Amino acid sequence: MKERSWFWMGLVGMTALALVSGCSSRAVQAGGAHDRAALNAAGTGARRLRVAPMDMTGSAGNFKKLDSAADTSRLPKELTVYKVVPANVTRQQFDEHARRLGVNREIGENGDAFVARGEKASLVVDKQTGSFDFTTDEFAAQTKPIARVLADEQYRASAEKFLVDAGLMEPEAEFRDVNRGNVVGVYEDGGWVEKPYMVEVRFSHKPLAGIAFDKGVGPKIIVQFGEDGRILGATSVWRKVEPLGKYRLKTPQQALDAVKNGRGQIFDVGQDAQGTVDEITTSYLNEPLGYRQLYVLPAYVMKGKTADGKPFTALTRAIPDEMLQVDESLNHGPKAPVSTGK
Amino acid sequence: MHWRARTFASGVVALALALACAFAGAAYADDDGSSVAVGVEWVGQYTGTGSPMAVYGNLSTPDDCVGGLYNIVSDPRTNWGWAFNWGNGNAWELDWKRPSLGGNAYRLADDVDLVAFSGHGTGNNMQFATCRNDWASTINELDLGVRDCEWALMYTCNFLRGTPAAYGPAANGAHLICGYATDMTVTGNGGALFRTTPSRTCCAAHTACGSPGTSTAKPRSRRPARTWHERSARVAQSTTTCGAMARSAPTQHLTAPQQLRTTRTGTLD
């Protein structure tokens, strides 16, 4: 009898233990618990931030020698890491955008996006981020230079009104510029002439606690204009963020070493270049659409000149590598069939 | 009895033909008579290959970058074929070189409607990881469009560097060669976004992708196209250049001879 009661007590105890550990395991996997654990990592390194590998430039540029003449005394020792808040766009929200834009003739879904088609325009909204792509048929037909280009203020006012009316303006967006750089080039009278065929009003993200949030595929909202200030389309790459917690940063020297060792994006540098960094700043990185970006991390942005005097830029993540869990599944999609037998 | 058997046999044949027609799908060909197809090449693995690029490291995303174009093929609303997807050591310089220079473009890069490359590029070239017959294909060895190519997407750095005189001759009938005049980041979503936002890339491809059965050479499709690379890749401190090009002689694909569209998107960097 006594043996039997020990058996039952043991069974109950093991069951309770299993239940507790199961709950605990689930809690760790849940987003909130993961974030708390990640937050603790700022001090302990016990839990790392899951990030996609940093994309590289295609030029194979690298430094054989890289020095720094930059003043790094004012660089922060730690910065806030931000968590990406999924937009989780609902069908109801999408319907409302489509209605306001008059593109609600056909509405459906295409994988990760809602899509709508109207008489003369279409709308695509990424469910995960809420980024949108509104395109009029006139956009495709806009092939000639704009005959009447308006003033910047007129474009800006029109763009802001359009975004607000459509419910597409983001509270954290701020006006950036009016871009007239989309040009058509034509040989005229034997000479090469470039004229704008489209004018854009661009909005970017407000800085995060004083630090620019504009690197990588910087967050952006763009409204495009054609002839006579008519709106041809609008598009965005946007992620909502909220603070996760403070993280200590690599030292500037560690960042410099990372770039030197090819662990960073290096722009406008040839092979085996020599360079000197003149300026180091910090900025937040936004990843391309289609990437499952979970956290917005700070990066060091280095600007300098190569030995032959050409300017270059290099970026590397500012969070120490030991705090990061690099996960290729975050930026690699389904594989396309590969040809064999060549 | 004999005529009944014959009638029955004829009926079976007719039914089979009808079914074949009904289920064959809206297979269509563009005006060059071929079916509409995508072909891609990419190189991510350079180290250990002997390539001059080997010492400068690998890229992890080129396969995803151009592989995303498979979305065009897998979309049930379209009828594109997936002609080839050669990667790493199977991507060759010969595949892009014009036949007059001894290349095989006539049966590869120029034998599909949409061709794409992703990998290293050091300036008006594509860098390969095997030497068949060279480590790099330079832009002046291309004459896309002579056979079939309508659009080429070059997800590599500096491919369209220089003036139209430098890169224009690479398009010999192609509507569009789209690439960068500067460094660019090879992102995994380049091809996928080309498909999901087709109207942001080129209207001719949009027509062909979104409207099965539509000839890509119809007037609507003849417009020189634009691109929208700012969304799919990042350009640092410089500009993106994209053009629909013609050689000195007008081609049938362009509304205006010697016209080139350049999109300079600037940057948010």
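The values are calculated or read from the model by the stated rules, or taken from the named source; none is laboratory data. It should be emphasised that the depicted structure is a prediction, and the values quoted were computed from it without experimental measurement. Note that each Cβ is placed from the backbone with ideal geometry, even for glycine, and that neighbours are counted across all protein chains shown. Keep in mind that these areas ignore ligands, DNA and RNA; they rest on the heavy atoms of the full protein, side chains included. Shrake-Rupley method; radii C 1.70, N 1.55, O 1.52, S 1.80 Å.
Could you work out the local net charge near residue B:129, counting Lys and Arg as +1, Asp and Glu as -1, over the other residues with Cβ closer than 14 Å to its Cβ? Show your work: numbers first, answer last.
Working: positive: A:342, B:132; negative: B:41, B:63, B:93, B:95, B:134.
Its environment carries a net charge of -3.
Search the structure for amide H atoms under 5 Å from the amide H of residue A:232, placed 1.01 Å from N in the peptide plane, and list their residues when 5 or more places away or on another chain.
A:224, A:225, A:226
Can you tell me which of A:180, A:292, A:248 moves the most in a GNM of chain A? Springs connect C-alpha atoms under 10 Å apart.
With Cα springs under 10 Å in chain A, the top fluctuation among A:180, A:292, A:248 is at A:180.
Give me the net charge of residue B:97's neighbourhood, meaning all other residues with Cβ under 15 Å from the Cβ of residue B:97; Lys, Arg count +1, Asp, Glu -1.
Values: positive: B:98, B:107, B:132, B:147; negative: B:41, B:93, B:95, B:110, B:111, B:134, B:141, B:143.
Overall, the nearby charge balance is -4.
Report, to the nearest 10°, how far helix A:2-29 tilts away from the longest principal axis of the Cα atoms in chain A, using its own Cα long axis and a range of 0 to 90°.
Taking Cα atoms only, the helix is inclined about 10 degrees.
Threshold 30 Å², probe 1.4 Å: give the residues of segment B:104-128, in number order, that are less accessible with all protein chains present than with their chain alone.
Checking the loss per residue gives B:120.
Between segment B:32-85 and segment A:272-307, how far is it from one alpha carbon centroid to the other, in angstrom?
27 Å
Amide H to amide H under 5 Å from residue B:37: which residues, 5+ apart in sequence or cross-chain, H placed 1.01 Å off N in plane?
B:81, B:113, B:114
Calculate the translational D of segment B:31-186 in whole µm² s⁻¹ from Stokes-Einstein, where the hydrodynamic radius comes from the Kirkwood formula applied to all Cα pairs, the temperature is 20 °C and the viscosity 1.002 mPa s.
Details: Rh = 15.3 Å.
Result for D is 140 µm²/s.
Which of A:150, A:244, A:123 moves most in a GNM of chain A, Cα contacts under 10 Å?
A:150
Multiplying the sequence separation of residue A:193 and residue A:253 by 0.36 nm and subtracting their Cα-Cα distance, what value in nm do you get? Before the final figure, lay out the partial values.
Details: separation 60, 0.36 × 60 = 21.60 nm, distance 4.65 nm.
Length difference between fully extended and current span is 16.9 nm.
By a straight-distance test (C-alpha under 23 Å), which lysines pair with residue A:77 as possible cross-link partners, with residues fewer than eight away in the same chain excluded?
Cα-Cα hits under 23 Å: A:206, A:215, A:246, A:250, A:260, A:303.
Pick from A:69, A:173, A:113 the residue whose mean-square fluctuation is largest in a GNM of chain A, springs joining Cα atoms under 10 Å.
The residue with the greatest mean-square fluctuation here is A:69.
Cα axis of helix A:31-44 to longest principal axis of chain A: angle in degrees, 0 to 90, nearest 10?
Between helix and principal axis, roughly 80 degrees.
Would you mind getting the accessible area per residue of chain A, heavy atoms of the protein chains only, 1.4 Å probe, in Å²?
Working: 16600 Å² over 342 residues.
Accessible surface, normalised per residue, equals 49 Å².
Could you compute Rg(Cα) / (2.2 N^0.38 Å) for segment A:102-193, with N its residue count?
1.37
Within 10 Å of each Cβ in A:194-200, how many Cβ atoms from other chains are there, averaged over the peptide?
Whole-number average of other-chain Cβ neighbours for A:194-200 is 2.
Please work out whether segment A:191-342 counts as rounded, prolate or oblate from its C-alpha gyration tensor, where a ≥ b ≥ c are the square roots of the eigenvalues and a/c under 1.5 means rounded, while otherwise a/b larger than b/c means prolate and anything else oblate?
Numbers: a/c = 1.35, a/b = 1.28, b/c = 1.06.
Here segment A:191-342 falls in the rounded category.
Report ³J(HN,Hα) in whole Hz for each residue of segment A:165-180, in order, from the Karplus equation J = 6.51 cos²θ - 1.76 cosθ + 1.60 where θ = phi - 60°; Gly and Pro get x.
Using θ = phi - 60°, the values come out as 4, 7, x, 10, 6, 9, x, 8, 7, 9, 4, 10, 6, 10, 9, 10 Hz.
What translational diffusion coefficient, to the nearest whole µm²/s, does segment B:124-189 have by Stokes-Einstein, given a Kirkwood radius computed over alpha-carbon pairs, a temperature of 20 °C and 1.002 mPa s viscosity?
Details: Rh = 12.4 Å.
D, rounded to a whole number, is 172 µm²/s.
Less than 13 Å Cβ to Cβ from residue A:206, Lys/Arg counted +1 and Asp/Glu -1: what total charge do the surrounding residues give?
Value of the local net charge: -1.
Rg/Rh for chain A: what does it come to with C-alpha atoms and Rh from Kirkwood?
On the way: Rg = 25.5 Å, Rh = 23.6 Å.
For chain A, the value is 1.08.
Taking the Cα centre as origin and putting +1 on Lys and Arg beta-carbons and -1 on Asp and Glu beta-carbons, what dipole magnitude results for segment A:178-246, to the nearest 20 debye?
Working: 10 positive and 8 negative charges, 133 e Å.
Dipole about the Cα centre, nearest 20: 640 debye.
What is the distance in Å between the Cα centres of segment A:213-267 and segment A:74-144?
That distance is 19 Å.
For chain A, what is the charge dipole size about the Cα centre, in debye to the nearest 20, if Lys and Arg each add +1 at the Cβ and Asp and Glu each add -1 at the Cβ?
Numbers: 45 positive and 43 negative charges, 277 e Å.
Here chain A has a charge dipole of around 1340 debye.
Cross-link candidates for residue B:97: which aspartates and glutamates have Cα within less than 13 Å, leaving aside residues fewer than 8 places away along the same chain?
Leaving aside aspartates and glutamates fewer than 8 places away in the same chain, those within reach of residue B:97 are B:110, B:111, B:134, B:141, B:143.
At a 1.4 Å probe radius, carbon and sulfur cover how many percent of the accessible area of segment A:243-333?
Numbers: 1640 of 3410 Å².
Answer for segment A:243-333 is 48 percent, counting heavy atoms of protein chains only.
Along the charge dipole of chain A, Cβ charges K/R +1 and D/E -1, which of A:123, A:274, A:178 sits furthest on the positive end?
Working it through, the farthest residue towards the positive pole turns out to be A:274.
Determine how large the accessible area of residue A:177 is when every protein chain is in place; take a 1.4 Å probe and give Å² rounded to the nearest 10.
The accessible area comes out at roughly 40 Å².
Nearest 100 Å² is fine: what is the total accessible surface buried where chains A and B meet, probe 1.4 Å? Spell out each step's value before the answer.
Numbers: alone 19270 and 12250 Å², together 26100 Å².
Buried area (both sides, nearest 100 Å²): 5400 Å².
Quick one: give the max-minus-min coordinate of the C-alpha atoms of segment A:54-173 along each principal axis, largest first, in Å.
Principal-axis extents of segment A:54-173 (Cα, largest first): 58, 41, 31 Å.
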